[in-house]
Amino acid sequence: TKKKKKKLKPLKKKSSLKKDSPLACKQINVEVYSASNVKRSDGMMADAYAKLELGDQVFTTQPHSGTTVPEWHESFTFKINQKNIYEQLKISVLDNDKFNDDTIGECELAVF
């Protein structure tokens, strides 16, 4: 007696990403609220704006003049991929000048 060969069912394609994988979200949303004690190096008030960078993605807020406590309340969405997943999110506060924007402060944050 010959044994019958079982027909194999095709495998369903599954995503290689697990639910808790950092890439499962594929984007992050960052909201820039405000800054405090923002002054130029010469002590004058700055025309402050924030600049956010992750890999080759760059976003900037609108500049605020005449205050040491600028409030932006602006949101930005960064796309996450294999290339930038472990890069740092760089956040800088700059003084908007005609010729050269001066850095007032900056920090870097781990995304994942």
- Subset of the stretch 26-37 (residues that are open to solvent by 40 Å² or more (accessible area, probe 1.4 Å) and farther than 14 Å from residue 94 by Cα): 26, 27, 29, 31, 33
- If you go through the stretch 14-37, how many residues are modelled with pLDDT of 75 or more, among the small types (Gly, Ala, Ser) and either closer than 16 Å to residue 110 by Cα or part of a loop (DSSP other than H, G, I, E, B) (or both)? 2
- Item | Count of residues meeting criterion [touching a strand residue (DSSP E or B) at 6+ places or on another chain (Cβ under 8 Å), of a type outside the set (A, V, I, L, M) and over 11 Å from residue 103 (Cβ atoms)] in the stretch 41-54 | 3
- Task: Could you tell me whether any residue of the stretch 2-9 is modelled with pLDDT under 95 and in contact with a helix residue (DSSP H, G or I) (Cβ under 7 Å, 6 or more places away or on another chain)?
- Result: no
- Note on the structure: Residue hits (the stretch 77-108; under 30 Å from residue 43 (Cα atoms) and out of contact with any strand residue (DSSP E or B) (no Cβ under 6 Å at 6 or more places or on another chain)) are 97, 98, 99, 100
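The values are calculated or read from the model by the stated rules, or taken from the named source; none is laboratory data. Values in this document were obtained by computation on a predicted structure and should not be read as measured data. Cβ sites come from the backbone with ideal geometry, for glycine too, and all protein chains shown count toward neighbours. Heavy atoms of the whole protein, side chains included, go into the accessibility calculation; ligands, DNA and RNA do not. Shrake-Rupley method; radii C 1.70, N 1.55, O 1.52, S 1.80 Å.
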